[in-house]
1. In the set Val207, Val252, Val213, Val202, which member is modelled with pLDDT of 95 or more, of a type outside the set (Asp, Glu) and either open to solvent by 10 Å² or more (accessible area, probe 1.4 Å) or in contact with a Gly (Cβ under 8 Å, 6 or more places away or on another chain) (or both)?
2. Just one of (1) of a type in the set (Val, Ile, Thr); (2) closer than 21 Å to Ala212 by Cβ; (3) open to solvent by less than 20 Å² (accessible area, probe 1.4 Å) trips up Val381, so point out which.
3. Kindly evaluate Pro220 against the criterion of being out of contact with any strand residue (DSSP E or B) (no Cβ under 9 Å at 6 or more places or on another chain) and surrounded by 22 or more Cβ atoms within 10 Å (Cβ to Cβ).
4. Would you confirm, using the coordinates I've provided, whether Leu359 is open to solvent by less than 30 Å² (accessible area, probe 1.4 Å), farther than 30 Å from Thr67 by Cα, in contact with a helix residue (DSSP H, G or I) (Cβ under 8 Å, 6 or more places away or on another chain) and not in a loop (DSSP other than H, G, I, E, B)?
5. Run down Arg297, Arg273, Arg320, Arg291 and say which single residue is of a type in the set (Lys, Arg), open to solvent by 30 Å² or more (accessible area, probe 1.4 Å) and within 15 Å of Gly185 (Cβ to Cβ).
6. Would it be correct to say that Pro189 is open to solvent by less than 70 Å² (accessible area, probe 1.4 Å) and without any contact (Cβ under 8 Å) to a residue 24 or more places away in the chain?
7. Is it the case that Ile125 is surrounded by 24 or more Cβ atoms within 10 Å (Cβ to Cβ), modelled with pLDDT under 95 and farther than 17 Å from Ser319 by Cα?
Amino acid sequence: MSDQAPYSRRSFLSGVIATGTLAAVATYAAPGGRLQSRVELRLSTGADPTGARDLLVSMWNETNPQTIVRVDPIDSGSGDERQIMLEKATVGEADLLNLDIVDVPEFATKGLIEKIPPTGGRQLITPLDEVSRVPDEPGVYWAAPFNTDVGMLFTRLDGDSTEAPPRRLPDLLATIPDGSQQFVGQLRPSVSTFYEAFVVNVLEHAVAERPAVLKPLGTPGAERPADRISTDVELWKAALQPLKDAIDAGKVLTSGGEPESLEAFGAADSTIRYLRSWPVEYRKLQLAGNRDVATGRIRVDPLSQGILGGQSLAVVAGSRYVDRALAFISFATSEGAQKILASHGIAPTAIGAYNDPNLRASIPHLVRVREAVENSLPRPVHPGYRRFSDVVKDHVERFLYEDQDLSPQFTTGMTSALA
């Protein structure tokens, strides 16, 4: 079955609700039958162009009139989101935070979020479970994974071909003719708050060429985040050289972020054959009426190993409404809610959503998204991750575009940030 198989999201959602798959937990009755007072939970979160989050919030609010969730969106890059959420959590202007998974350790270390129990009885995909737990406290989490993300390879197929391209990025780049710019990725940061996609792209290219640059969680001798990062500068040079060579040879169209790369790939006259981006971009192509999606010419595959992304819901420490916030999190991360996220093109966190036969029939590459998430590498889970990201961005950008060699300061800077 081709990736463009038609489906009605409205029909799917109607079925979810009608069969009780997504049953909101009404919280307006307190123990003993006493009516609870009406409160408003303030949810600080980044923008959601898919509408899935707002749909879930609306469903919750309709069913729980005594516990209304008010979305407080931050319409900027992940760096700004983190800073604004830090400020709101510090001064008590939020009850719930939808955090990037790399920022959860920092908020936990600063005492800004509450420990929470597992929600909904759902089974998380392994990498998400590993990065969300409170160390040495089984069954306790700092935040509940709301959605996940991982790099995927989009291919514009030629003619009747259905053959999968090489999943290993250096092998893929080697097949592209010089000067053809057939590959586009988020590889040219242009705005300081939007460069995390660049860092993730760089890590995906590096681990594809030299897996030892970023060791998986649980690797012997890599118990600390800093130990997961190789300090061998020559290894890093070898890991990134194929990408630099491909850029120098004109094989790669470098873009600053996801919207630019999707626009270049999805244009009616585009000659770009490969796009590295997130699963939700396929849904955007569908909604834009992309001709190649409609005719089944866009294939979506996992990379040989992608880098884990996503957001998690956390309760702000000191919130007056912890129990109600936890009830909303349980609803928003339930298997039914995860199916709604999947129907909007977002990668769900619960295994059950990937096994739903209706979703698998309507989104054939959903199985490959699960494969990609299960095989993904988390970035270093550490309060200093953003400083680590700064080091990677600064040094690698100069290596790729300014012919500046990677120096020992590159690896010492990364490990210092994670100390």
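The values are calculated or read from the model by the stated rules, or taken from the named source; none is laboratory data. The structure displayed is predicted, hence computed values, not measured ones. Every residue, glycine as well, gets a Cβ built from its backbone with ideal geometry; the counts of neighbours run over all protein chains shown. Calculation scope for accessible area: heavy atoms of the full protein, side chains included, ligands and nucleic acids excluded. Shrake-Rupley method; radii C 1.70, N 1.55, O 1.52, S 1.80 Å.
1. After ruling out the rest, the residue left standing is Val252.
2. (3)
3. Details: out of contact with any strand residue (DSSP E or B) (no Cβ under 9 Å at 6 or more places or on another chain): yes; surrounded by 22 or more Cβ atoms within 10 Å (Cβ to Cβ): no.
For Pro220, the condition - out of contact with any strand residue (DSSP E or B) (no Cβ under 9 Å at 6 or more places or on another chain) and surrounded by 22 or more Cβ atoms within 10 Å (Cβ to Cβ) - is not met.
4. Values: open to solvent by less than 30 Å² (accessible area, probe 1.4 Å): yes; farther than 30 Å from Thr67 by Cα: yes; in contact with a helix residue (DSSP H, G or I) (Cβ under 8 Å, 6 or more places away or on another chain): yes; not in a loop (DSSP other than H, G, I, E, B): yes.
Yes: the conditions hold for Leu359.
5. Selected residue: Arg273, the only one of Arg297, Arg273, Arg320, Arg291 that is of a type in the set (Lys, Arg), open to solvent by 30 Å² or more (accessible area, probe 1.4 Å) and within 15 Å of Gly185 (Cβ to Cβ).
6. no
7. Criteria not met by Ile125.
Listed here are the residues, each with its yes/no results for (1) under 20 Å from Ala197 (Cβ atoms); (2) in contact (Cβ under 8 Å) with a residue 40 or more places away in the chain.
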{"site": "Arg70", "(1), (2)": "no, no"}
{"site": "Asp100", "(1), (2)": "yes, yes"}
{"site": "Ile113", "(1), (2)": "no, yes"}
{"site": "Gln123", "(1), (2)": "no, yes"}
{"site": "Glu137", "(1), (2)": "no, no"}
{"site": "Trp142", "(1), (2)": "no, yes"}
{"site": "Phe146", "(1), (2)": "yes, yes"}
{"site": "Thr155", "(1), (2)": "yes, yes"}
{"site": "Pro165", "(1), (2)": "no, yes"}
